[in-house]
């Protein structure tokens, strides 16, 4: 088994190189499914799990918080909280305010909303601490999830970096959260957080949970250097490009029960350049006689700045395939072949 334990930034904590993603629990997966996946993950040595107050997905009021609740019932049933390194997340700037009490216009990362979000997550999770608490996306407008943004939005006011760290620091000192990280963040944002941490002796960001896969490699355009030089490692999410890099949608296929069939939320990977690049990686996997999903996951795992690769599955067969990917032998031939494809196709999905 080649799942490794790797340092989580400069925290002194180690996490497994494979992270169990949970965002389907509560919609595509039942509570029983989630419990079975957690049992299996621990059996395979995967003890780093990621969730969020927003989950399950797609986000909606009726299911907000359902994934944390499922994890919480598993903790209560098994008594194995201390066997798990648990990560969760707070929403950033959004008009979807289902997760907040009272009359608020936006979810934000203010002191009051951070206090509320942490309290609610701990209650749902049935635990008194979260190992890694992440800002799911920024409190300020930034281009998100492959979308463009009008640069005029940069004038929108936002909670100061120092203040957000200060709000989180109170919970670190109280033991409710152990470490902090960012998600869907830009190079500017990561460096500002690090600068304010150094300047004011505040908690330091330990990780960057951003999209990263064979056709979405924006991380390699600046965040990669930050990750290595500042020791703020990548937690790579969507390594399978929302299923496209498994080949299950190849040639226009639409499997029953798939995320595309259920939710039609895969636009990021459906442009003509994206489809051409995805097909090229699928062809390369076939040429190498490798499962394309395992090729895509192992690619993420082998980057020098990757702390952990987040996998997610709706079936146990999918989960086994994803975990088995970490046993794949990453050869010079695979690295050279992927490099040639990247040189030709670039990063069509941002």
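Observations
- Checking residue 265 against (1) assigned to a loop (DSSP other than H, G, I, E, B); (2) within 23 Å of residue 325 (Cβ to Cβ); (3) touching a residue at least 60 places away in the same chain (Cβ under 8 Å), the condition it does not meet: (2)
- Selection from the stretch 252-262 of residues that are touching a helix residue (DSSP H, G or I) at 6+ places or on another chain (Cβ under 9 Å) and either in a helix (DSSP H, G or I) or surrounded by 14 or more Cβ atoms within 10 Å (Cβ to Cβ) (or both): 258, 259, 260
- Each residue in the stretch 325-350 was checked for being within 30 Å of residue 43 (Cα to Cα) and either touching a strand residue (DSSP E or B) at 6+ places or on another chain (Cβ under 6 Å) or surrounded by 12 or more Cβ atoms within 10 Å (Cβ to Cβ) (or both), and 5 of them qualify.
- Any chance residue 280 is under 30 Å from residue 189 (Cα atoms), in contact with a helix residue (DSSP H, G or I) (Cβ under 8 Å, 6 or more places away or on another chain) and touching a residue at least 24 places away in the same chain (Cβ under 8 Å): no
- Any hit, the stretch 94-115, residues being touching a helix residue (DSSP H, G or I) at 6+ places or on another chain (Cβ under 6 Å) and part of a helix (DSSP H, G or I): yes
- Entirely in the stretch 1-42, the strands (runs of 3 or more DSSP E) that have 2 or more residues that are touching a strand residue (DSSP E or B) at 6+ places or on another chain (Cβ under 6 Å) and surrounded by 19 or more Cβ atoms within 10 Å (Cβ to Cβ): 14-16, 18-21
- Neighbours by Cβ (under 8 Å, 6+ apart or cross-chain): first from the stretch 118-144, part of a strand (DSSP E or B); second at pLDDT 95 or above and surrounded by fewer than 18 Cβ atoms within 10 Å (Cβ to Cβ): 131/13
- Considering only residues in the stretch 166-179 that are surrounded by 16 or more Cβ atoms within 10 Å (Cβ to Cβ) and either without any contact (Cβ under 8 Å) to a residue 24 or more places away in the chain or touching a strand residue (DSSP E or B) at 6+ places or on another chain (Cβ under 8 Å) (or both), the one that is nearest to residue 106 (Cα to Cα) turns out to be 168.
- Residue match in the stretch 203-212 (condition: within 28 Å of residue 278 (Cβ to Cβ) and not in a strand (DSSP E or B)): yes
- Residue 172 in a helix (DSSP H, G or I) and either out of contact with any helix residue (DSSP H, G or I) (no Cβ under 9 Å at 6 or more places or on another chain) or at pLDDT below 95 (or both): yes
- Candidate set from the stretch 289-324 (those that are part of a loop (DSSP other than H, G, I, E, B) and touching a helix residue (DSSP H, G or I) at 6+ places or on another chain (Cβ under 7 Å)); member that is surrounded by the most Cβ atoms within 10 Å (Cβ to Cβ): 313
- Of the residues 309, 314, 331, 302, the single one that is over 23 Å from the mean Cα position of the chain (by Cα) and closer than 30 Å to residue 206 by Cα is 331.
The values are calculated or read from the model by the stated rules, or taken from the named source; none is laboratory data. Computed from a predicted structure; not experimentally measured. In this analysis, Cβ positions are derived from the backbone assuming ideal geometry, glycine residues included, and neighbour counts consider all displayed protein chains.
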